[in-house]
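Chemist: So that we are looking at the same thing, I have put the structure below in C-alpha cells.
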Amino acid sequence: MRAREWAVAATYRDPTDYGVPALPTWRVERGACGGLAFAATDCDEPFIAAADPVRVRR
C-alpha cells in the first residue's frame, strides 16, 4: 500500500506534504560474478543482495 500512496502523492505534489515518508536514496552495486546488491547511500552494508539474480516476466 505504501508504494501506491507514494505514487499518488508524488503525482500531485511532494509526498511529504501528505505525510508519506520520502523514498530513501539507494546505491546499486554489481559484483564481478554478476551479483546485485542494494545499499543505502549513508551505509556501507547492503540491506539486500542476490548472488545470482535472474530476469522475471511479470
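Chemist: Kindly provide the set of residues from the range 9-21 that are in contact with a helix residue (DSSP H, G or I) (Cβ under 6 Å, 6 or more places away or on another chain) and of a type in the set (A, V, I, L, M), ordered by number. So that I can check it myself, show each step before the final result.
Modeler: Initially, the range 9-21 is screened for residues in contact with a helix residue (DSSP H, G or I) (Cβ under 6 Å, 6 or more places away or on another chain), giving 9, 15, 18, 20.
Across the range 9-21, the qualifying residues are Ala9, Val20.
Chemist: For the chain, please list each of the strands (runs of 3 or more DSSP E) lying entirely inside it that holds at least 1 residues being loosely packed, with under 10 Cβ neighbours inside 10 Å and either hydrophobic (A, V, I, L, M, F, W, C) or more than 17 Å from the chain's Cα centre (by Cα) (or both).
Modeler: Strands (runs of 3 or more DSSP E) meeting the threshold: 26-30, 48-50.
Chemist: Out of all the residues in the range 29-44, is one or more in contact with a Gly (Cβ under 8 Å, 6 or more places away or on another chain), at pLDDT 75 or above and of a type in the set (A, V, I, L, M, F, W, C)?
Modeler: Among the residues of the range 29-44, at least one is in contact with a Gly (Cβ under 8 Å, 6 or more places away or on another chain), at pLDDT 75 or above and of a type in the set (A, V, I, L, M, F, W, C), which makes the answer yes.
The values are calculated or read from the model by the stated rules, or taken from the named source; none is laboratory data. Keep in mind that this is a model prediction, so the values were computed, not measured. Here the Cβ is made from the backbone with ideal geometry for all residues, glycine too, and neighbour counts use every protein chain on show.
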